[in-house]
Each structure stands twice: as C-alpha cells, then as structure tokens.
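**Student:** Mind looking over this structure? Questions follow.
The values are calculated or read from the model by the stated rules, or taken from the named source; none is laboratory data. Keep in mind that what you see is a predicted model, and the values were worked out from it rather than measured. So basically every Cβ, Gly included, is an ideal-geometry build from the backbone, and we count neighbours across all protein chains shown. Side chains are part of the model used for accessible areas, which takes the heavy atoms of the whole protein and leaves out ligands, DNA and RNA. Shrake-Rupley method; radii C 1.70, N 1.55, O 1.52, S 1.80 Å.
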Protein chains: 2
Amino acid sequence: MLSDRQQLILNAIVDNYIHSAEPVGSRTISKREDIGFSSATIRNEMSDLEELGYLEQPHTSAGRVPSTKGYRFYVDNLIQPQLLNEAELGKLKQLFAERILHSEQVVEYTAQILSQLTNYTAIVLGPEIFEHRLKHIQIVPLNETQAVAIVVTHTGRVENKLIDLPEGIGASEIERLVNLLNAKLTDVPLWQLRQRVYQEISGEMRRYAEQYEEMLKVLDKSLTQEEERVYLRGATKIMNQPEFRDVDKVKDILELLEQNDQLLHLIGMPGDGLTVRIGQENQLDAIKQCSIITTSYSLGGKPVGMVGILGPTRMEYGKVITVLNYLAEGLSRMLTSQFEK
Amino acid sequence: MLSDRQQLILNAIVDNYIHSAEPVGSRTISKREDIGFSSATIRNEMSDLEELGYLEQPHTSAGRVPSTKGYRFYVDNLIQPQLLNEAELGKLKQLFAERILHSEQVVEYTAQILSQLTNYTAIVLGPEIFEHRLKHIQIVPLNETQAVAIVVTHTGRVENKLIDLPEGIGASEIERLVNLLNAKLTDVPLWQLRQRVYQEISGEMRRYAEQYEEMLKVLDKSLTQEEERVYLRGATKIMNQPEFRDVDKVKDILELLEQNDQLLHLIGMPGDGLTVRIGQENQLDAIKQCSIITTSYSLGGKPVGMVGILGPTRMEYGKVITVLNYLAEGLSRMLTSQFEK
DNA sequence: GTTAGCACTCATACCTAACGAGTGCTAAAT
DNA sequence: ATTTAGCACTCGTTAGGTATGAGTGCTAAC
C-alpha cells in the first residue's frame with residue numbers, strides 16, 4: 001500500500017499531467033503549494049512509485065507520466081468530486097427544462113451538451129424500450145404486397161417497419177386485426193408483446209383464416225424490431241489534445257467511432273453503474289491511449305440506457321464523473337416522470 | 001484557347017498528380033507513353049501554362065501542380081468517362097436489388113456504398129417528401145396534454161411528432177378529427193396538405209368546437225415538419241490522402257462535417273444537375289483544398305434529393321462522376337418504381 | 001529522514017553542408 | 001521556327017554534428 005506522502009505525490013503528478021500534458025519533473029511538484037518537500041525527496045518517491053508501477057518515464061531525462069495503474073489508483077482513491085460552475089449548471093438545467101420533446105430527442109441533446117461541457121467525445125445509448133408500454137399499433141397498407149407497421153409507446157416513441165403482406169389479405173382483414181391488437185395489447189410492456197401475441201391473440205385469430213398465420217410472423221418481426229440508437233457527438237474533440245496531433249492515431253479512433261456496432265461495444269450495457277476504463281484496460285487497440293467513462297440512466301429504477309465520455313487517458317476524471325452523474329440522474333428523473341404519466 | 005499540345009500536357013500533369021500527389025516535373029511527363037516530346041519542350045509549355053494560370057509551382061525547384069483553373073479546364077474539357085469494373089458494378093447492382101427497405105434506408109446504404117467505392121467522403125440528402133402522397137394520418141394521445149401525430153406516405157415513409165393537445169379535448173373528438181382527415185386528405189401530395197387542411201377541413205371542423213382552432217395549429221405544425229436528413233459516410237477517408245496528414249487541416253474539415261446544417265450547404269439543393277466545385281471555388285475556408293461533386297436524383301422526373309462526394313482537389317474526377325451518375329440514375333429508377341405502385 | 005550538490009543522460013533545437021530534383025536559359029540541331 | 005541538349009542555378013530535404021537544458025540518480029552533508 002502507498003504511504004500518505006506517496007499518495008499525495010501521485011495525486012500531484014496526475015493532476016499536473018492532466019493539465020499540462022507534459023511529463024512532470026520533481027521540481028515542478030516540489031514547487032506546488034500543497035507539497036512541502038524538496039525536489040530531491042520527490043525524486044526518491046518518484047523513483048519508488050515508478051518501481052511500483054504507478055509512473056512511467058518516456059525516457060531517462062524526462063519527467064514522469066502516470067501509468068494505467070497510476071491513473072487507476074488516482075481514480076479509485078484520490079479523485080475528489082468536483083463542483084460545476086454556474087454556466088455549466090445552467091446549461092444542464094436548461095436541457096431538462098425542455099418539455100415538448102420525444103425522449104429520443106432529449107437523449108440526443110444530452111450527447112450534444114455532454115460533449116460541449118467536457119470538451120471530449122460523448123457517446124449516448126438511447127433508452128431501451130423494453131419497459132415502455134404499448135399505446136397504439138397501426139398497420140397501413142401501401143399496396144397489395146407491402147405495408148408499414150407502426151408501434152407507438154406510451155412515452156411517445158414511434159417505431160415503424162416496412163413489412164411484406166401475405167398474399168390475398170384484404171384491407172378489412174387488416175383492420176380487424178389491428179383493432180384486435182389494440183383492444184388486447186394496449187398497456188402491455190413491449191418486452192411481453194411477442195409472448196402475449198402468441199398467447200392471447202393467435203387463438204382468436206386462427207379462427208378467421210389461415211392468412212393470419214403468415215400475418216403473425218410478420219407482426220412478430222415488426223414487434224421485435226429494436227434498433228439500437230447510439231448518439232455520437234464531438235468526435236473531433238480528440239484532435240484538440242496535444243497527444244493526438246498525429247493523424248494516424250486520430251484516424252484509428254475516428255474510424256472506430258464511425259462504426260455504430262463498435263460504439264455499442266464501447267458504451268456497454270445498461271445496468272453497469274459508473275465505469276471507468278483506462279488506457280490499456282480497453283480491449284480495442286485504437287483506444288488504448290484513451291479512457292472511457294460510462295454510467296447508466298434508468299427509468300423507474302431500472303437501467304435502460306447509457307451515457308459515456310471518451311477522452312485521452314489524461315482526462316479530467318473528476319469533472320467528467322461529476323457531469324455524467326448529474327446528467328444520468330437528470331435523464332432518469334425526466335424519463336421516469338414521463339413514464340409515470 | 002489552349003493548343004492541342006498544351007491540352008495534352010495539362011491532361012498528363014493533372015492525371016499524374018492525381019495519382020502521385022507529388023508535384024510533377026517535366027521529365028516525368030516526357031517519359032509518358034502518350035507524350036513524344038523532350039523534357040525541355042515540356043518545360044517551355046509548362047512555363048506557358050503557368051503563366052496562363054493553369055499550373056502552380058509550390059517553389060522554384062519543384063515540379064508543377066494544377067491550379068483550380070487547371071482542374072476546372074481538366075474537368076470541363078479533358079476528362080474521359082471511366083468505366084467501372086466488375087466488382088464495382090456488382091456492388092451497385094446489389095444495392096438496387098434489395099427489396100424490403102424504406103426508401104430512406106436505401107438512401108442510407110447509398111451513402112455507404114458511395115464512400116466504399118470511391119474512397120472519399122459521401123454525403124447524401126434524403127428524398128424530399130413534397131411529392132409523396134398522404135396514405136394515412138394518425139393521432140395517438142399519450143396523456144391529457146400530449147399526443148403523437150403520425151403521417152404515413154404512400155412510399156412507406158413515416159414521420160412523427162410530439163404535439164401538445166389543446167386543453168379539454170377528448171379522445172372521441174380526436175378520433176373524429178382523424179377520421180375526417182383520413183377521409184378528406186388521402187392521396188393528397190404532402191406539399192398541398194397545409195393548404196388543403198385550411199381549405200376543405202377547417203370549415204367543417206369549425207362547426208364542432210373552438211378547440212379545433214387550437215387543434216388546427218397543432219396539426220399544421222406536425223404536417224409541416226420536414227426534417228432534412230443528410231447521411232454522411234466515410235468522413236475519415238480524407239485522412240488517407242497524403243496532403244491531409246496534418247491534424248489541423250483535417251480537424252477543420254471534420255468539424256464542418258459534424259454540423260448537419262453545414263452539410264446541407266455543401267450538398268446543395270435538388271435540381272442542380274451534376275455540379276463540380278473545385279478547391280477555391282468553394283465558399284467555406286475549411287474545404288478550399290477539397291472538391292465536391294454532386295448530382296441530384298429524382299422521383300418521377302422531378303429532382304428530390306442529392307448524392308455527393310467530398311474529396312481532395314486531387315480527386316479522381318472521372319471515376320467519381322461515373323459512379324455518381326450511375327447511382328443517381330439507379331436511385332431515381334428505384335424511387336420512381338416505388339412511387340408508381 | 002531530508003536535502004543540497006553535481007555528474008550524467010538524452011530529447012530537442014539549431015546550424016551547416018551535401019544532395020538532388022527540377023527549373024530557365026542559351027545555343028546547337030532539326 | 002521548333003525542338004532539344006546542355007548547363008548553371010534554385011531551393012527544399014536530409015544528414016551529421018553541436019549546444020542546450022530539463023530532468024534524473026547518486027552521494028554526502030544536514
């Protein structure tokens with residue numbers, strides 16, 4: 001375990017490096033107000049910290065830089081919660097004051113503001129719709145073979161899907177089906193829909209005609225649609241970081257961020273609380289020099305989505321964590337209140 | 001006007017530069033198979049071409065590089081239509097073979113394929129819905145104060161908007177309104193909707209109650225929604241270009257591309273045919289070292305959307321133009337056939 | 001245990017010289 | 001009148017060599 005002084009010094013080094021982006025030397029630390037030792041003492045401690053794996057030296061005559069282990073210790077033990085200033089708080093409150101918005105849009109704005117506030121890249125995973133309850137279902141035929149199935153949830157989310165109609169089905173039959181579905185399935189949570197369709201409806205429907213068998217398959221398809229929506233904002237912010245002035249490094253990262261499915265991996269699954277993945281701890285090579293902080297937001301106590309920040313390992317962990325917590329909480333409150341109406 | 005030989009040489013220089021990205025010297029040109037002159041002769045011609053403004057010299061002891069004017073002449077007069085190879089054609093045909101897709105999704109894939117095929121950045125503007133005819137309209141109340149208005153067009157496009165309900169309006173009244181709307185407005189082109197609502201419906205509605213006045217405003221709002229959808233793919237491709245190995249240059253461009261409204265400016269309005277904007281000809285500083293080639297695709301003869309490519313001024317104009325034309329035509333055919341059903 | 005002092009390391013900046021790609025001009029060849 | 005060979009000249013790029021200084025590690029004194 002690290003001594004108090006070692007912790008003090010490690011903290012000072014990480015802190016300094018986060019703001020300067022330059023390897024920090026013993027003299028710099030000894031000059032800090034909160035440190036009362038000479039550079040020689042610091043040097044000795046630094047040497048020890050390096051031996052223990054908390055610091056690294058780019059080359060012999062340079063200062064020290066925190067290692068992944070160093071950041072990890074910093075995040076787990078040293079970090080102090082940071083308060084937001086007026087302007088920042090204002091922006092956040094403004095977001096949650098918006099009223100006439102789909103929950104989806106709120107999430108989109110959240111990503112925007114998250115990125116603006118932190119100057120890092122924001123990744124937000126839209127709320128999973130499992131918990132949402134069916135408000136209305138509609139099937140609109142376009143021609144003899146195609147129709148659009150539309151599902152509206154009680155929070156105002158609208159999903160739609162183009163479907164192929166079974167041959168020989170008529171408008172009136174579709175209408176009958178839609179009425180039946182609305183009568184039986186309103187207020188059923190989406191995650192139960194498939195099951196309920198089979199349990200309650202299929203029996204009744206089978207009476208009508210064998211086309212319904214086909215129809216059922218189609219319905220099933222349109223109900224299980226569950227597109228993952230990830231919002232990415234401020235992807236270019238990484239280029240403001242001095243350690244990413246190299247096109248090749250940046251390219252790998254941005255190419256990664258261009259792929260939606262990779263974003264899903266990065267952001268993780270709802271349910272994990274605040275998670276910090278630092279540098280080497282990341283699986284993907286492209287972001288081994290980055291850190292990702294994520295947390296989930298919830299709806300009625302159940303986690304349904306994620307908000308996250310991607311930045312350099314040399315990230316302002318304190319601030320980012322504060323902002324993320326604040327936003328996740330706000331989002332949760334907002335969604336929950338919408339949910340309970 | 002340029003002599004035949006000058007044109008031949010200019011063509012050779014642009015061609016060479018496009019593939020090498022290095023200033024091209026007189027010897028390089030004289031060694032080409034299609035050129036039968038010594039380097040000295042080429043030098044003299046180059047000197048003339050520079051004086052005329054078609055070429056530029058980065059510095060005295062370097063070769064020549066085409067100026068914007070040079071590229072312009074190349075594009076307008078020298079370029080030869082390029083044929084696509086098997087693999088490329090295959091990919092394009094595959095796209096248009098897909099059947100069960102919203103037109104919106106086809107457009108999205110188009111951007112993807114465009115970028116893959118050219119190795120440049122693709123920008124595609126989704127089809128404007130003016131021409132689309134109303135198939136179905138639905139208003140789903142969520143609670144006492146809010147509802148979702150849904151508009152389905154006959155091509156299967158679904159628009160939805162969260163709206164505030166006027167106070168005191170009941171579910172049955174909404175239903176009556178929706179029925180009225182569907183009865184009167186089906187098959188009306190979207191661009192006429194607002195007008196028709198006022199002309200035909202408002203009179204009848206006014207009879208019911210004064211709430212409808214409020215309701216009308218809301219409807220109007222939800223019908224005029226017309227979100228511009230721009231699809232951007234392969235934004236990072238620009239980093240493959242040797243002249244964009246500099247983070248600062250790339251940053252400006254990518255930041256521009258992050259802003260949806262700016263993308264709209266870049267891509268232009270449907271209606272313009274094939275347009276090439278080269279380097280300095282672009283308004284925005286960030287892309288004065290880039291060229292943009294756009295063309296529109298249409299629906300039933302009327303232009304409704306745009307496809308475009310953003311690349312370095314040193315772009316493979318011939319190939320890009322071929323691909324764009326091919327895709328725009330294919331898209332038009334596909335949309336039109338869907339439209340006519 | 002702490003600190004002052006000092007030799008040592010090594011990335012960076014700066015300078016200079018050599019190199020060579022490419023030009024422009026002139027004079028000879030066609 | 002063109003075209004071309006020849007050659008001096010320009011200037012960006014590269015390589016080598018040195019000075020600089022930030023920072024270390026070690027030792028000896030406090």
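**Student:** As an exercise: evaluate A:L2 against (1) away from DNA strand D (no atom under 16 Å from the Cβ); (2) touching a strand residue (DSSP E or B) at 6+ places or on another chain (Cβ under 8 Å) and give the number of the one condition it does not meet.
**Tutor:** Every condition holds for A:L2 apart from (2).
**Student:** Hand me the list of helices (runs of 4 or more DSSP H) wholly inside segment B:1-102 holding 2 or more residues that are basic (K, R) and open to solvent by 40 Å² or more (accessible area, probe 1.4 Å).
**Tutor:** Filter on segment B:1-102 gives B:26-31, B:68-73, B:86-97.
**Student:** Which of the residues that make up segment B:237-252 are in contact with a Ser or Thr (Cβ under 9 Å, 6 or more places away or on another chain) and touching a residue at least 40 places away in the same chain (Cβ under 8 Å)?
**Tutor:** Of everything in segment B:237-252, those that are in contact with a Ser or Thr (Cβ under 9 Å, 6 or more places away or on another chain) and touching a residue at least 40 places away in the same chain (Cβ under 8 Å) turn out to be B:K237, B:I238, B:E243.
**Student:** Return yes or no: is B:L327 of a type in the set (A, V, I, L, M, F, W, C) and either more than 30 Å from B:D15 (Cβ to Cβ) or within 14 Å of chain A (Cβ to nearest Cβ) (or both)?
**Tutor:** Spelling it out, it is not the case that B:L327 is of a type in the set (A, V, I, L, M, F, W, C) and either more than 30 Å from B:D15 (Cβ to Cβ) or within 14 Å of chain A (Cβ to nearest Cβ) (or both).
**Student:** For segment A:160-174, what are the residues that are more than 9 Å from every other protein chain (Cβ to nearest Cβ) and either of a type in the set (V, I, T) or within 30 Å of A:Q338 (Cα to Cα) (or both)?
**Tutor:** A:I169, A:I174
**Student:** Taking segment A:282-314 only, how many residues are farther than 19 Å from A:Q116 by Cβ and in contact with a Cys (Cβ under 8 Å, 6 or more places away or on another chain)?
**Tutor:** Counting residues in segment A:282-314 that are farther than 19 Å from A:Q116 by Cβ and in contact with a Cys (Cβ under 8 Å, 6 or more places away or on another chain) gives 2.
**Student:** Follow-up question, since we're still on this one. Suppose we keep only residues that are assigned to a helix (DSSP H, G or I) and more than 17 Å from A:M306 (Cα to Cα) within segment A:103-119. Which one would you say is least open to solvent (accessible area, probe 1.4 Å)?
**Tutor:** A:L117
**Student:** Answer yes or no: is there a residue in segment B:28-46 that is within 16 Å of DNA strand D (Cβ to nearest atom) and either closer than 30 Å to A:V148 by Cα or under 29 Å from the mean Cα position of the chain (by Cα) (or both).
**Tutor:** Taking every residue of segment B:28-46 in turn, none turns out to be within 16 Å of DNA strand D (Cβ to nearest atom) and either closer than 30 Å to A:V148 by Cα or under 29 Å from the mean Cα position of the chain (by Cα) (or both).
**Student:** Please state which one of B:M1, B:M46 is within 9 Å of DNA strand C (Cβ to nearest atom) and either aliphatic (A, V, I, L, M) or at pLDDT 95 or above (or both).
**Tutor:** Selected residue: B:M46, the only one of B:M1, B:M46 that is within 9 Å of DNA strand C (Cβ to nearest atom) and either aliphatic (A, V, I, L, M) or at pLDDT 95 or above (or both).
**Student:** Please determine whether any residue of segment B:181-194 is of a type in the set (S, T, Y), part of a loop (DSSP other than H, G, I, E, B) and either at pLDDT 70 or above or open to solvent by 30 Å² or more (accessible area, probe 1.4 Å) (or both).
**Tutor:** Scanning segment B:181-194, I find at least one residue that is of a type in the set (S, T, Y), part of a loop (DSSP other than H, G, I, E, B) and either at pLDDT 70 or above or open to solvent by 30 Å² or more (accessible area, probe 1.4 Å) (or both), so the answer is yes.
**Student:** Counting just the residues of segment B:229-246 that are more than 9 Å from chain A (Cβ to nearest Cβ) and assigned to a loop (DSSP other than H, G, I, E, B), which one comes out least open to solvent (accessible area, probe 1.4 Å)?
**Tutor:** B:Q241
**Student:** (1) in contact (Cβ under 8 Å) with a residue 40 or more places away in the chain; (2) within 14 Å of another protein chain (Cβ to nearest Cβ): which one isn't true of B:E98, the others all being true?
**Tutor:** The number of the failed condition is (1).
**Student:** Additional query: Search segment B:139-159 for residues being without any contact (Cβ under 8 Å) to a residue 60 or more places away in the chain and charged (D, E, K, R), and hand back the single one that is nearest to B:T336 (Cα to Cα).
**Tutor:** B:R157
**Student:** Residue by residue through segment A:114-152, note down the ones that are within 9 Å of chain B (Cβ to nearest Cβ) and either acidic (D, E) or under 21 Å from A:M334 (Cβ atoms) (or both).
**Tutor:** Once the filter is applied, which keeps residues that are within 9 Å of chain B (Cβ to nearest Cβ) and either acidic (D, E) or under 21 Å from A:M334 (Cβ atoms) (or both), segment A:114-152 yields A:K135, A:E144, A:V152.
**Student:** How many residues, within segment B:58-84, are within 15 Å of DNA strand D (Cβ to nearest atom) and either at pLDDT 95 or above or within 14 Å of chain A (Cβ to nearest Cβ) (or both)?
**Tutor:** Going through segment B:58-84 one residue at a time, the tally reaches 2.
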